Amino acid sequence: MSKYDVIDFDSLRPPNPSIDESHILWRESVRRFVDSEIMPHVETWEEAGRIPRNLYPKAAKAGLLGLNYPENLGGGGQDSDIFHSIINSEELARCGAGGIVAALMIHGIGLPPIMALGSDAMKQKIAPQILSGEKQISLGITEPSGGSDVAKLQTKAVRDGNGWRINGSKTYITGGMTSKWLTTAVRTGDSGMGGISLMLIDLESEGVTRTELPKMGWWSSDTATIHFDDVFVPADDIIGIENQGFYGIMANFNSERLGMAAQAAAYARVCTEEAAAWAQQRETFGKRLADHQAIRHKIANMAQRIWATTSFLDNCAWRVHNGESPIAELAMLKVQATETMEYCAREAMQILGGTGFIRGHRVERIYREVRVMAIGGGSEEIMRDLAARQMGI
């Protein structure tokens, strides 16, 4: 690794042949935003358990919220692509606080089903308020009775005049305490995947109650269980076609997993950057930590896994950019990225020793947030099984 002036976040990323000048400028822009508007406040927001409301319009003004959304709905237009989105995920991950990223960008999983399946009226009503940072929207799939087995969800929607009555509950909902709307999977038909619909629920409606959930990580992002007791949803607030919501959920998962993989690989880079810097300045037994072969090998192994994972990420992104839907590869990528994050967090903690164990360190936060990345968006076990079935095994 002698060709590196320093082992840091940037040098740990392999070159991507799809990157052009617009991507370079976008990375610089997002980095300025993160450095000025997020980095100085991370610990305050972590302890508060929230990011401030005014961060959303700031992020909107900087272009982060509207990336890849239509200009007529308040987005940034069509000049950006999937690689701009990956850069967005990577740069936000530099703060080393997954809760901030989850809270600020939660619309990234709540809004796409509306953009893909919702009516024009729904898009006009919802998207501008979300993309301006005025309101939030979350996604409600997981239930207390189960998570990954989406086809067995139990929250029911029954017709009532010109609308529906919703009864049931959703849990582990990121942004559930602070979002205005919830893109929600409900059962409108028979059992199985064919009886599921997507609906837009106003979380300020009568009959909605929310319970905040304390967490191991993602402190600055609120997480909730949301209960629906005869909540009325107007007929116009169904997203797409009745009983065909399952396919919208599955399509949404692909982009979510790609984004999570980009974050996880970036968190691994953060951990390696911190570990390498510490190893080159910390002295033990009369020499730098980095002069001990065992430590050098740890750092080399971390970099090896990061380069392999990030190259896989770029390949999957390129395929999606060119119209493919590589379901098996995206599932395996998600597993590889979170395993790389876990490995690098563990090894960085070993190298840093007590320093990494102290609250407020980026590695300490990332270490606590490994499991939510490995479980959220599809657990490792579910992802491997999905990949195997897609491969015909």
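Here are a few things to note about the model shown:
- Unpaired by the 4.7 Å Cβ criterion, cysteines found in the chain: C95, C316
- Using Cβ point charges alone (K and R +1, D and E -1), the dipole size of the chain about the Cα centre works out to roughly 740 debye.
- The string of couplings for segment 7-18 from the Karplus curve (6.51, -1.76, 1.60, θ = phi - 60°) is 8, 9, 3, 6, 5, 7, 9, x, x, 10, x, 8 Hz, one whole number per residue in order, with x for Gly and Pro.
- Positive end of the dipole of the chain (Cβ unit charges, origin at the Cα centre): among N54, Y367, V150, the Cα lying farthest that way belongs to Y367.
- Percent of C-alpha pairs per 10 Å bin, segment 1-89, short to long: 14, 38, 32, 14, 2
- Y172 long-range amide H proximity, modeled H, under 5 Å: A224, T225
- Cα shape, the chain, gyration tensor, a/c 1.5 rule: prolate
- Against the main long axis of the alpha-carbon atoms of the chain, helix 120-131 sits at an angle near 30°.
- The Cα-based radius of gyration and maximum Cα-Cα distance (Dmax) for segment 229-349 are 21.0, 73 Å.
- Where the Cα pairs of segment 329-393 fall when distances are cut into 10 Å bins, in %: 23, 40, 23, 11, 3
- Calculated log₁₀ intensity ratio I(q)/I(0) where the Debye formula runs over C-alpha points of segment 128-267, q = 0.09, 0.16, 0.17, 0.22 Å⁻¹: -0.27, -0.86, -0.97, -1.52
- Charged-residue dipole, Cβ positions (Lys, Arg, Asp, Glu), segment 22-77 about Cα centre, Debye nearest 20: 180 debye
- Separation between Cα centres of segment 220-248 and segment 252-324, rounded to whole Å: 37 Å
- Build a GNM of the chain with springs between Cα atoms under 10 Å apart, and of L65, L55, L198 the one that fluctuates most is L55.
- In segment 1-101, chymotrypsin sites (Phe, Trp or Tyr not before Pro) in a DSSP loop with at most 12 other beta-carbon atoms within 10 Å: Y4
- The packing ranking of peptides 360-367, 188-195, highest mean first, is 360-367, 188-195, where packing means the average number of other beta carbon atoms within 10 angstrom of each residue.
- Amide H partners (placed H, <5 Å) of I239, local residues excluded: L198, M199, L200
- Between the listed residues M349, G286, I241, the Cα displaced farthest toward the positive end of the dipole of the chain, a dipole computed from Cβ unit charges relative to the Cα centre, is found at G286.
- Backbone amide hydrogens, once placed in the peptide plane, bring Q136 within less than 5 Å of K180, W181, excluding anything fewer than 5 places away on its chain.
- Only helices enter this figure: runs of n ≥ 4 DSSP H residues, each worth -39500 (n - 2.57), summed and divided by the residues of the chain, yield -15000 deg cm²/dmol at 222 nm to the nearest 500.
- Working note: Karplus 6.51/-1.76/1.60 with θ = phi - 60° gives segment 207-216 the couplings x, 8, 10, 10, 10, 6, 10, x, 9, 5 Hz, where Gly and Pro are set to x.
- Taking the DSSP beta bridges with both ends in the chain, the antiparallel portion is around 85 percent.
- With the simple model of a label 7 Å out from the Cα in the direction of the Cβ, Q390 to E37 spans 3.3 nm.
- Between Y247 and Q129, the simple spin-label model (points 7 angstrom out along Cα→Cβ) gives 3.0 nm.
- Once all protein chains are placed together, E339 keeps about 80 Å² accessible to a 1.4 angstrom probe.
- Dipole size of segment 56-103 about its Cα centre, with +1 on Lys/Arg Cβ and -1 on Asp/Glu Cβ: approximately 260 debye, rounded to the nearest 20.
- For segment 137-193 versus segment 29-47, the spacing of their alpha-carbon centroids is 33 Å.
- Karplus-based coupling profile of segment 381-391, in residue order and whole Hz: 5, 5, 5, 5, 5, 4, 4, 5, 5, 5, 7, with θ = phi - 60° in 6.51 cos²θ - 1.76 cosθ + 1.60 and x standing for Gly or Pro.
The values are calculated or read from the model by the stated rules, or taken from the named source; none is laboratory data. Only a predicted model underlies this, so the values are computations on that prediction, with no experimental measurement involved. Positions of Cβ are backbone-derived with ideal geometry, glycine not excepted, and every protein chain shown enters the neighbour counts. SASA here: full protein model, heavy atoms, side chains in, ligands and nucleic acids out. Shrake-Rupley method; radii C 1.70, N 1.55, O 1.52, S 1.80 Å.
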